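**Q** Here you go, one structure.
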Amino acid sequence: MLDIRDPKPEDEGVWRELWAGYNRFYEATVPEEATAGTWARVLDPGSAIFCRLAVRDGAVVGFANCVVHPSTWSTLSSCYLEDLFVSLDARGTGAGRALIQDLIDQGRAKGWRRVYWHTRQDNAVARRLYDRFAPADGFVRYVINLT
Ligand SMILES: CC(C)(COP(=O)(O)OP(=O)(O)OC[C@H]1O[C@@H](n2cnc3c(N)ncnc32)[C@H](O)[C@@H]1OP(=O)(O)O)[C@@H](O)C(=O)NCCC(=O)NCCS
């Protein structure tokens, strides 16, 4: 039984475990201040950041961290899926797909313009899933890190 739901304060421990796994996947070191700030904002209904959790048989197995933002191209908001992660032992059972589908369903209900995300070109596992929703649109990302 798979459920997608909003996080609750008591999910902090499991969310942090999954977040640590996601950071390891990207070989990233996210400062504790940023992790704590992200968790605080996903619980804050006034924040543009939100999170959805995938729960299988009562256990949280994955998350989607997102940002809703305005757009210059539309009066409607867009939803950027910033982080998607499913625990290793729950992969391949539809949690990732359900997390994305949930955003699409929410977006239709809330009148968002689009749900979008990007990934590494060589992330074959993720891209196999993403290609089920839409073809990649060919845009290339440029990043200038300022800190
Ligand atoms: C990408 C990711 C979120 C997908 O989550 P998931 O819950 O495994 O995804 P799903 O089960 O919904 O779908 C995965 C696809 O791979 C297939 N698959 C089968 N066995 C699998 C396995 N052991 N592991 C992963 N995928 C498997 C699924 O069947 C599905 O393909 P299909 O459309 O042909 O059926 C997950 O692999 C992950 O967290 N990866 C590491 C972090 C990452 O890459 N995040 C995305 C960064 S942009």
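The values are calculated or read from the model by the stated rules, or taken from the named source; none is laboratory data. All values derive from a computational prediction rather than experimental measurement. Cβ sites come from the backbone with ideal geometry, for glycine too, and all protein chains shown count toward neighbours. In case anyone asks, the SASA skips ligands and DNA or RNA and just uses the protein heavy atoms, side chains included. Shrake-Rupley method; radii C 1.70, N 1.55, O 1.52, S 1.80 Å.
**Q** With labels modelled as points extended 7 Å from the Cα through the Cβ direction, what inter-label distance (nm, one decimal) is found for Glu33 paired with Leu88?
**A** Here the modelled spin labels are 3.2 nm apart.
**Q** At 222 nm, what value in deg cm²/dmol follows for the chain if DSSP H runs of at least 4 each add -39500 (n - 2.57) and the sum is divided by all its residues, to the nearest 500? Please report the intermediate quantities before stating the final value.
**A** Details: 4 runs with 48 residues, N = 147.
Roughly -10000 deg cm²/dmol at 222 nm, from the helical runs in the chain.
**Q** Leaving out ligands, DNA and RNA, what percent of the accessible area of region 2-130 is carbon and sulfur, probe 1.4 Å?
**A** Looking at region 2-130 in its full context, I get 52 percent from C and S.
**Q** Compute the Cα gyration tensor for region 2-130, then decide on rounded, prolate or oblate, letting a ≥ b ≥ c be the square roots of its eigenvalues: rounded whenever a/c is under 1.5, prolate when a/b is larger than b/c in the other cases, and oblate in all that remain.
**A** Taking the square roots of the gyration eigenvalues as a ≥ b ≥ c, region 2-130 is rounded.
**Q** Using a probe radius of 1.4 Å on heavy atoms only, what accessible surface per residue do you get for region 2-130? Whole Å² is fine. Could you put the intermediate results ahead of the total?
**A** Values: 7500 Å² over 129 residues.
On a per-residue basis, region 2-130 sits at 58 Å².
**Q** Then there's this: So if each residue of separation counts as 0.36 nm, and I subtract the Cα-Cα distance between Leu146 and Asp57, what length gain in nm does that give?
**A** Result for the pair: 27.8 nm of gain on full extension.
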